[in-house]
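Asks: Shown below is the structure under consideration.
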Amino acid sequence: MPIWCCAASAPTETHVVSEVVVIMAEPIRVVVTGAAGQIAYSLLYQIASGAVFGPQQPVFLHLLDIAPMMGVLEGVVMELADCALPLLAGVLPTANPEEAFKDVAAAFLVGAMPRKEGMERKDLLAANVRIFKEQGQALDKVARKDVKVLVVGNPANTNALICSKYAPSIPKENFTAMTRLDQNRAQSQLAAKIGVPVKDVKRVIIWGNHSSTQFPDASNAVAIVGGAQKSVSEIINDDAYLKGAFVTTVQKRGAAVIAARKMSSALSAAKAASDHMRDWFLGTEDRWVSMGVVSDGSYGTPRDVVYSFPVTVTNGKWKIVEGLTISDFARQMLDATGKELVEEKQEALDVCKD
Ligand code: NAI
């Protein structure tokens with residue numbers, strides 16, 4: 001007997017693979033900005049291979065970059081074709097945001113201006129906030145109203161806030177910023193310290209901004225050791241490490257990768273972007289994941305900034321994990337990163353007035 005695997009949306013194509021009949025869904029349109037850059041180079045394969053939206057979901061990729069990069073982008077398009085991926089329904093390379101965002105169901109906003117030598121943080125923020133204002137306006141005009149937007153380009157949290165502000169017809173819950181790379185880094189540090197596989201460490205949280213003020217918090221984390229689940233604090237039994245070296249290692253991991261590779265994290269950033277979007281589309285069940293979302297003031301954080309919280313996702317909707325105890329140490333850390341986000345928001349809003 002053949003096995004039927006039906007996807008949720010209307011079937012368009014039927015593939016018979018020996019005894020298994022797979023009905024393919026209608027393709028969804030997915031945009032990646034900064035598509036000629038280094039994160040996109042890893043990310044595009046993951047999306048087109050089914051690792052993000054599932055093995056029955058074809059994708060039509062929209063690739064946005066700036067006009068001078070169209071030649072490089074052409075090479076990326078050639079390579080995507082040469083991958084001969086069954087789920088890749090089509091590719092649209094463009095330098096026009098309104099063309100890129102037309103009818104998209106998911107948006108990976110990776111493209112941003114890199115920090116150049118001698119450039120102040122303020123100048124970088126000003127340049128990038130303008131990009132995300134323009135992209136918010138274009139999303140508002142032409143994207144699906146249920147589009148899920150993941151901002152990767154830095155300063156990711158504040159860029160996501162600005163993008164949402166300039167796309168008022170799309171719910172603000174649909175704009176998120178990536179702190180999943182920080183979560184993955186934190187999980188991996190703890191797994192190595194304890195000596196267990198990374199999959200056996202859970203409930204590590206990244207609070208706040210994707211910057212050096214972020215708070216990687218292991219106080220709720222658990223690990224499976226010898227078949228039993230135990231608290232990470234109890235297993236490691238070293239408060240000074242968990243509040244000190246663990247936190248700073250995660251905060252400075254990006255800089256350590258740059259020092260070694262002479263280029264910023266790309267493979268791991270692409271993997272984290274895939275993890276974030278997959279969990280948002282397909283759900284987390286009882287797993288906690290960290291996402292930068294528009295704050296409702298939970299845990300005494302400032303409202304209306306994009307703040308990273310632990311969330312769970314059901315039916316495409318994220319929900320902040322409630323009821324966690326915040327220690328005095330955590331309070332200070334949450335407040336410091338919140339303060340930075342409030343300052344960034346003010347600077348960004350000043351730029352947008354111009
Ligand atoms: P990259 O410099 O290799 O690529 C960036 C691409 O964006 C370039 O092709 C550039 O032409 C393009 N771009 C610039 N302005 C654009 C615009 N207005 N519209 C469309 N495309 C535009 O940089 P990479 O390594 O791919 O990183 C991209 C961003 O991701 C950077 O802002 C980086 O800081 C950030 N990042 C964020 C992480 C996170 O955890 N949230 C982790 C790692 C990187």
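Asks: Filter the range 40-52 for residues that are surrounded by fewer than 18 Cβ atoms within 10 Å (Cβ to Cβ) and touching a Ser or Thr at 6+ places or on another chain (Cβ under 7 Å) and give the result.
Replies: Gln46, Ala51 - these are the residues of the range 40-52 that are surrounded by fewer than 18 Cβ atoms within 10 Å (Cβ to Cβ) and touching a Ser or Thr at 6+ places or on another chain (Cβ under 7 Å).
Asks: Given the structure, is Val76 within 12 Å of the ligand (Cβ to nearest atom), assigned to a helix (DSSP H, G or I) and modelled with pLDDT of 95 or more?
Replies: Here the answer is yes, as Val76 does meet what is asked.
Asks: Could you identify the single residue in Glu134, Glu120 that is open to solvent by 70 Å² or more (accessible area, probe 1.4 Å) and more than 12 Å from the ligand (Cβ to nearest atom)?
Replies: Only one candidate passes the filter, namely Glu120.
Asks: With a cut-off of at least 3 residues that are open to solvent by 20 Å² or more (accessible area, probe 1.4 Å), hydrophobic (A, V, I, L, M, F, W, C) and free of Cβ contacts under 8 Å to residues at least 60 places away in the same chain, name the helices (runs of 4 or more DSSP H) lying wholly within the range 216-315.
Replies: By residue number, 253-261.
Asks: OK, next. Taking Ile131 as the residue in question, decide whether it is β-branched (Val, Ile, Thr) and in a loop (DSSP other than H, G, I, E, B).
Replies: No.
Asks: Just one of (1) modelled with pLDDT under 95; (2) farther than 28 Å from Pro171 by Cα trips up Leu88, so point out which.
Replies: (1)
Asks: Anything in the range 157-187 that is within 14 Å of the ligand (Cβ to nearest atom), among the small types (Gly, Ala, Ser) and more than 16 Å from Trp318 (Cβ to Cβ)? List them, or say none.
Replies: Correct list: Ala186 only.
Asks: Please work out if Ala348 is under 17 Å from Asn209 (Cα atoms), surrounded by fewer than 20 Cβ atoms within 10 Å (Cβ to Cβ) and touching a residue at least 12 places away in the same chain (Cβ under 8 Å).
Replies: For Ala348, the condition - under 17 Å from Asn209 (Cα atoms), surrounded by fewer than 20 Cβ atoms within 10 Å (Cβ to Cβ) and touching a residue at least 12 places away in the same chain (Cβ under 8 Å) - is not met.
Asks: If you take the residues in the range 26-39 that are closer than 16 Å to Arg278 by Cα and open to solvent by less than 10 Å² (accessible area, probe 1.4 Å), which one is farthest from the ligand (Cβ to nearest atom)?
Replies: Checking each candidate, the answer is Val30.
Asks: Only one residue in Pro97, Pro55, Pro68 is within 14 Å of the ligand (Cβ to nearest atom) and open to solvent by 50 Å² or more (accessible area, probe 1.4 Å). Which one?
Replies: Every option except Pro68 fails the conditions.
Residue by residue, here is whether (1) touching a Ser or Thr at 6+ places or on another chain (Cβ under 7 Å); (2) farther than 29 Å from Ile236 by Cβ; (3) not charged (D, E, K, R) holds:
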{"residue": "Ile162", "(1), (2), (3)": "no, yes, yes"}
{"residue": "Ala167", "(1), (2), (3)": "no, yes, yes"}
{"residue": "Pro171", "(1), (2), (3)": "no, yes, yes"}
{"residue": "Asn174", "(1), (2), (3)": "no, yes, yes"}
{"residue": "Gln183", "(1), (2), (3)": "yes, no, yes"}
{"residue": "Gln187", "(1), (2), (3)": "no, no, yes"}
{"residue": "Leu190", "(1), (2), (3)": "no, no, yes"}
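The values are calculated or read from the model by the stated rules, or taken from the named source; none is laboratory data. Model, not experiment: these values are computed from the prediction. Reconstructed Cβ throughout: ideal geometry from the backbone, glycine too, with neighbour counts over all protein chains shown. The protein model used for the area step is the full one, side chains on, heavy atoms only, and it has no ligands, DNA or RNA in it. Shrake-Rupley method; radii C 1.70, N 1.55, O 1.52, S 1.80 Å.
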